[in-house]
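Here the structure comes first, spelled out in structure tokens, and everything after it is commentary.
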Amino acid sequence: MKLSKMHLKTLREVPTEAEIPSHILLLRAGMIRKLVSGVYGFMHLGWRSIQKIENIVREEMDAAGGQEIHMSAVQPAELWQESGRWYAYGPELWRLQDRSGRDFCLGPTHEEIFTDIARNDINSYRQLPVNLYQIQFKYRDEARPRFGLMRSREFIMKDAYSFDKDQEGLDQSYQDMYDAYARVFTRCGLTFRAVEADSGAIGGSNSHEFEALSEVGESEIAYCEKCDMAATVERALCVDAKPQDDIEALPLEEVHTPQTKTIDEVAAFLGLETSQTMKALLFVTYDKEGRENGYVAAFVRGDRELNMTKLINALDIPEHAIEFADEEKMSAATGCVGGFTGPVGLHDCTIVVDSELLGQKNLCAGACKEDYHLKNVNYGRDYEGDIVADIKVLAEGDPCPVCGAPVKYARGIEVGQVFKLGTKYSEAMGAVYKDENMQDKPIVMGCYGIGVTRTLAAVVEQNHDENGIIWPMSVAPYHVMITVMKPNDEVQASVAEDIYKNLTRAGVEVLLDDRKERPGVKFKDADLLGIPIRITVGRGAADGIVEYKLRREADKVEISVAESIASAIDTVNREK
């Protein structure tokens, strides 16, 4: 492709709305084009890289036994109502109606559609296992789309669904997809880690996220260097502090603690460690119609942080059905007092207690009375929980739940996730098969997603410098950039054309920058676009000499035209 014929608009200035490198560079390189907040179009170079990623996904999915199909993004509400997710998915579900008033949604995912296919087409164990997948645009009405392709409202995803007759079959399908994902992200040039994850609105039991490691990633990862424990912070289990069974429970004591609403303030006032206190967090929940459904008081040790995902799972409610309570309204209903709430004396609310508190003795908690706290609060004697569960965050430095070594933190970009759905959807929607004894059994399902557009952003996040993108060969829009210093010079133009034709005949994808632009402009664009190999045709062309440079390296060398062609072909074939 000759740049003089290509529609390309690069930007010298950083777009005002762009904050992270991938968003900045993809906009500056003219690879994506913003339409409205959270919705982007793809220009020629960006679309070529998207297609490269899609083809890698297809090759690995096909090799693992997947069969590609394509379903509509417009989905009827009835299927989502059957599964129970029309309400549970929440406001991110992009809902619409046709002219007859029938409800639909734009698919954020396709569990219901694929389950419907299975229940209509599969009736015997002889038809199992099956793995169906598609690559298409998905839609989520994000409240705060940000970071370009990282969190957008329209995005490309590969979603696959496995159908097996039993748990053993699902385990194998899950492992096959896990291994295929590892190959996909390796081929895309990503440094990544697979971590245990929460299933969220998709549901099911086991789940792993594939995280491309990046400081700008929205996912926090807890991992251990001594063993293979790795999980998203929202999923990571915690080790409770050792029960204080050898400590005597002291009498409950009310103490005056004026103007000490925070944990740090009350601990300092009473001369306690924050680990000797109890923290209260107050919430209101909502029903399917959006009406208030009740209050929740969650308690963790004072030096801990509440894990909202764990709390939501303990309450068994959707994420959108809970928010922080209005303290005055909740006080009138339950007896809580903002800044001075404890579990003793609370009423008419669900009390959720972190499992660690059961073994801790003589803690300090709010007295549900302005400017007062209670000392020597003990579980069982003074209060009990309606729900007891691990609802705390595994903090950096905490003991690993597997081996006990200190946990470390990293950040990542979620580029893929795999789920063991089990029979969640098949039971809800009546997807059954007949086994060897002609008995109806629910189909056992798995679900597997790759964010194609997010993978593109992750590749750029991990592969750039101050001058622009540095594409891995496998997903680069083109392999080689030929830069002609003086396109009007017949010798330079002829040499460049010769290199262009030879590389193209060898299957190498080439951009020929034959624009009538200053050399400085061409070099800046070459660095910004990030094509892996650059061959510069300049003064040495008359002697058959060109400049050869890899984008990822600072050094450049002068070699013969023949050597540049051979070297480019070898590098492309080795790395793509």
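The values are calculated or read from the model by the stated rules, or taken from the named source; none is laboratory data. What you see is a predicted model, and the numbers here were worked out from it, not measured in a lab. Virtual Cβ from ideal backbone geometry, glycine too; neighbours counted across all protein chains shown. These accessible areas exclude ligands, DNA and RNA; they are computed on the full protein's heavy atoms, side chains included. Shrake-Rupley method; radii C 1.70, N 1.55, O 1.52, S 1.80 Å.
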Scanning segment 20-46 residue by residue, those β-branched (Val, Ile, Thr) and buried (at least 16 other Cβ atoms within 10 Å of the Cβ) turn out to be Ile20, Ile24, Ile32
If you go through Asp198, Asp159, Asp176, Asp171, the only one that is assigned to a helix (DSSP H, G or I), acidic (Asp, Glu) and open to solvent by less than 60 Å² (accessible area, probe 1.4 Å) is Asp176
Among the residues of segment 120-139, write down those that are among the basic types (Lys, Arg) and in contact with a strand residue (DSSP E or B) (Cβ under 7 Å, 6 or more places away or on another chain). Lys138
Just for strands (runs of 3 or more DSSP E) wholly inside segment 241-309: which have at least 2 residues that are open to solvent by less than 70 Å² (accessible area, probe 1.4 Å) and not hydroxyl-bearing (Ser, Thr, Tyr)? 278-286, 292-301
Residue list for segment 147-178, filter: out of contact with any strand residue (DSSP E or B) (no Cβ under 8 Å at 6 or more places or on another chain) and of a type in the set (Phe, Trp, Tyr): Phe147
Which of the following residues is more than 20 Å from Lys392 (Cα to Cα), touching a strand residue (DSSP E or B) at 6+ places or on another chain (Cβ under 8 Å) and buried (at least 16 other Cβ atoms within 10 Å of the Cβ): Leu315, Leu346? Leu346
Tell me, please, whether a residue that is at negative phi, open to solvent by 10 Å² or more (accessible area, probe 1.4 Å) and of a type in the set (Phe, Trp, Tyr) can be found in segment 47-70. yes
Examine segment 414-424 for a residue that is aromatic (Phe, Trp, Tyr) and within 30 Å of Val353 (Cα to Cα), and state whether such a residue exists. yes
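For a quick check of your reading: which strands (runs of 3 or more DSSP E) sit entirely within segment 30-129 and have at least 2 residues that are under 26 Å from Asp316 (Cβ atoms)?
94-97, 103-106
Among Lys516, Lys524, Lys576, which is at pLDDT 95 or above and among the basic types (Lys, Arg)?
Of Lys516, Lys524, Lys576, the one residue that is at pLDDT 95 or above and among the basic types (Lys, Arg) is Lys524.
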Residues being open to solvent by 40 Å² or more (accessible area, probe 1.4 Å), touching a strand residue (DSSP E or B) at 6+ places or on another chain (Cβ under 9 Å) and either assigned to a loop (DSSP other than H, G, I, E, B) or over 21 Å from Gln244 (Cβ atoms) (or both): count how many of those fall in segment 370-386. 3
Would you mind telling me which numbered condition in (1) under 14 Å from Val484 (Cα atoms); (2) open to solvent by less than 10 Å² (accessible area, probe 1.4 Å); (3) touching a Pro at 6+ places or on another chain (Cβ under 8 Å); (4) not acidic (Asp, Glu) Ala526 fails? (3)
Members of segment 441-485 found to be in contact with a Lys or Arg (Cβ under 6 Å, 6 or more places away or on another chain), surrounded by fewer than 23 Cβ atoms within 10 Å (Cβ to Cβ) and either assigned to a strand (DSSP E or B) or polar (S, T, N, Q) (or both), listed by number: Ser474
Considering segment 349-369 alone, what residues qualify as being part of a loop (DSSP other than H, G, I, E, B) and either at pLDDT below 95 or open to solvent by 40 Å² or more (accessible area, probe 1.4 Å) (or both)? Lys361, Lys369
Would a scan of segment 355-369 turn up a residue that is within 27 Å of Lys261 (Cα to Cα), in contact with a Lys or Arg (Cβ under 9 Å, 6 or more places away or on another chain) and of a type in the set (Ser, Thr, Tyr)? yes
What residue, among those in segment 1-19 that are more than 22 Å from Leu512 (Cβ to Cβ) and β-branched (Val, Ile, Thr), is surrounded by the most Cβ atoms within 10 Å (Cβ to Cβ)? Val14
